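> One structure, as structure tokens, below. Some questions next.
The values are calculated or read from the model by the stated rules, or taken from the named source; none is laboratory data. All values reported here derive from a predicted model rather than from experimental measurement. Cβ placement follows ideal geometry from the backbone for every residue including glycine, while neighbour counts extend to all protein chains displayed.
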Amino acid sequence: MASRDASTRDPELPRFYPWRWWRRWLGQRSERAAAQFLRRLGYRIVATNVADRWGELDLLALDGETLVVVEVRSTSSDHPDALTQTAATVDFRKQQQITAATTRFLAHRGLLGRITVRYDVLAIRWPPAARQPTIRHIQNAFEATGRFQFFT
């Protein structure tokens, strides 16, 4: 039986991405763990997965009077530097997307300029044999960026 490579694949057939469901499952599991972690720290979870057609915010929480926009990043790696590398994936472009989504969220609810906003990153590592993750919470991970930076 001859093997088929990508160059002989029928373009009309849909592609099967075996890792897509895994990434979605790991992301949802990580967001639940992040919300639980933040609740134990005394945060009040306001919303999860706030989305519009241009972007999504993973978690919104209140830390006192401050609205905390939390970006959750996760990995299943057991490498010692995995948490640092995972947190570093929130690059400048992603920061701009989060800032813009936050601005739209606040403007839609009439809160723009009325509430203090902080951006945190939660890096979560799920080692293969562990039931509990390792979590690194980076408070005030970045400042608002882009053309909306003066409003959040």
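> Given the condition touching a residue at least 60 places away in the same chain (Cβ under 8 Å) and either in a strand (DSSP E or B) or within 14 Å of the chain's Cα centre (by Cα) (or both), answer yes or no: does some residue in the range 140-152 qualify? Give the steps one after another, and end with the answer.
Start the filter on the range 140-152 by keeping residues that are touching a residue at least 60 places away in the same chain (Cβ under 8 Å), which leaves 141.
Filter again for either in a strand (DSSP E or B) or within 14 Å of the chain's Cα centre (by Cα) (or both), leaving 141.
There is at least one residue in the range 140-152 that is touching a residue at least 60 places away in the same chain (Cβ under 8 Å) and either in a strand (DSSP E or B) or within 14 Å of the chain's Cα centre (by Cα) (or both).
> Being of a type in the set (Asp, Glu) and either modelled with pLDDT of 95 or more or closer than 12 Å to Arg136 by Cβ (or both) is the filter here; which residues of the range 72-112 pass it?
Step one: of the range 72-112, the residues of a type in the set (Asp, Glu) are 78, 81, 91.
Of everything in the range 72-112, just one residue is of a type in the set (Asp, Glu) and either modelled with pLDDT of 95 or more or closer than 12 Å to Arg136 by Cβ (or both), namely Asp81.
Table: residues versus (1) closer than 21 Å to Leu57 by Cα; (2) in contact with a strand residue (DSSP E or B) (Cβ under 9 Å, 6 or more places away or on another chain); (3) crowded, with 20+ Cβ neighbours inside 10 Å.
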residue: Ser74; (1), (2), (3): yes, yes, yes
residue: Ser77; (1), (2), (3): no, yes, no
residue: Pro80; (1), (2), (3): no, no, no
residue: Gln85; (1), (2), (3): yes, yes, no
residue: Phe92; (1), (2), (3): yes, yes, no
residue: Ala107; (1), (2), (3): yes, no, no
residue: Gly110; (1), (2), (3): yes, no, no
residue: Tyr119; (1), (2), (3): yes, yes, yes
residue: Ala123; (1), (2), (3): yes, yes, yes
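> Continuing with the same structure: Taking Val90 as meeting all but one of (1) under 18 Å from Leu106 (Cβ atoms); (2) of a type outside the set (Asp, Glu); (3) part of a loop (DSSP other than H, G, I, E, B), write down the number of the exception.
Every listed condition holds for Val90 apart from (1).
> A follow-up question, please. Could you please give the count of residues in the range 51-71 that are of a type in the set (Asp, Glu), without any contact (Cβ under 8 Å) to a residue 60 or more places away in the chain and part of a strand (DSSP E or B)?
Count: 4.
> Return yes or no: is Leu83 under 18 Å from the mean Cα position of the chain (by Cα), farther than 20 Å from Arg53 by Cα, not polar (S, T, N, Q) and not in a helix (DSSP H, G or I)?
Spelling it out, it is not the case that Leu83 is under 18 Å from the mean Cα position of the chain (by Cα), farther than 20 Å from Arg53 by Cα, not polar (S, T, N, Q) and not in a helix (DSSP H, G or I).
> Can you say whether Asp52 is out of contact with any Gly (no Cβ under 9 Å at 6 or more places or on another chain), more than 22 Å from Ala144 (Cβ to Cβ), among the acidic types (Asp, Glu) and at pLDDT below 90, as far as the supplied structure shows?
Taking the combined requirement at face value, the residue does not satisfy it.
For every residue, the table says whether it meets (1) under 25 Å from Gln97 (Cα atoms); (2) modelled with pLDDT under 80; (3) among the small types (Gly, Ala, Ser); (4) under 20 Å from the mean Cα position of the chain (by Cα).
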| residue | (1), (2), (3), (4) |
| --- | --- |
| Glu12 | no, yes, no, no |
| Tyr17 | no, yes, no, no |
| Trp25 | yes, yes, no, yes |
| Glu31 | yes, no, no, yes |
| Leu41 | no, no, no, yes |
| Glu56 | yes, no, no, yes |
| Thr66 | yes, no, no, yes |
| Val69 | yes, no, no, yes |
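> Between residues in the range 72-91 that are closer than 21 Å to Arg131 by Cα and of a type in the set (Gly, Ala, Ser) and residues that are part of a loop (DSSP other than H, G, I, E, B) and at pLDDT 85 or above, which pairs lie under 6 Å by C-beta distance while being six or more apart or on different chains?
Ser76/Trp126
> Of the numbered conditions (1) among the polar types (S, T, N, Q); (2) in a strand (DSSP E or B); (3) farther than 30 Å from Arg131 by Cα, Thr48 satisfies every one except a single condition; which is it?
Condition (3) is where Thr48 drops out.
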